[in-house]
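Let me begin by presenting the structure, written as structure tokens, before commenting on it.
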């Protein structure tokens, strides 16, 4: 289950920046980007890693991309930490290590990475063994929702409406989260009507 979640996450979130899509490996970055990456600039390291992490690049270049990604994540670069987290959970280009992958996701979540917050929460829910795990999941879903993530607010609504994952059913809280999800979606011009429940009442 954990691996399936991570594969979906990676396929949905690992979008190569526009500047990298047509870049040739032998011309992977500007002179300045390469110099900044060599000097330890985390953003330059991340950008260069994405340019080298292409199917048409050589294995050596893809290995260099992974090395740069590690360097950037070591400096707490949120995107680098997030992508490494998914890679270790899935075992993509690295030895599969879910525990290490989750630690990278947490680092990204703590740095404010929206997808990391949501995905770490969902993984925690799916693999929850303790109340502490469930509390962590609710915390990070709330953090993502507060940043304007409609799917996080929607998830919280369904969790409280159905009393899912061993969490106490709270219909009033559920309605609040559904309302929040709908407002966020309206701002983004997204229709959530098919995902919202009908007939839910606040049980005071």
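Counting residues in segment 50-65 that are within 18 Å of the chain's Cα centre (by Cα), in a helix (DSSP H, G or I), modelled with pLDDT of 80 or more and within 25 Å of residue 110 (Cβ to Cβ) gives one or more.
You will find that of 156, 192, the residue that is within 22 Å of the chain's Cα centre (by Cα), in the same structural domain as residue 125 (by TED's automatic domain parsing) and modelled with pLDDT under 90 is 192 and no other. When the criteria are applied in full, residue 128 fails the requirement of being under 20 Å from residue 192 (Cβ atoms) and not assigned by TED's automatic domain parsing to the domain that holds residue 79.
Given the criterion in the same structural domain as residue 196 (by TED's automatic domain parsing), outside any helix (DSSP H, G or I) and surrounded by fewer than 18 Cβ atoms within 10 Å (Cβ to Cβ), identify the matching residue among 148, 142. Every option except 148 fails the conditions. Kindly indicate the residue of segment 86-138 that is closer than 18 Å to residue 68 by Cα, in contact (Cβ under 8 Å) with a residue 60 or more places away in the chain and assigned to a helix (DSSP H, G or I) and also nearest to the chain's Cα centre (by Cα) among those meeting that condition. Ranking the qualifying residues of segment 86-138, first place goes to 86. The residues of segment 163-191 that are assigned to a helix (DSSP H, G or I) and either under 19 Å from residue 123 (Cβ atoms) or touching a residue at least 60 places away in the same chain (Cβ under 8 Å) (or both), listed by number, are 164, 165, 166.
The values are calculated or read from the model by the stated rules, or taken from the named source; none is laboratory data. From a predicted model like this one, the values you see are computed outputs, not experimental measurements. Please note: Cβ atoms are built from the backbone with ideal geometry, for glycine as well, and neighbour counts cover all protein chains shown.
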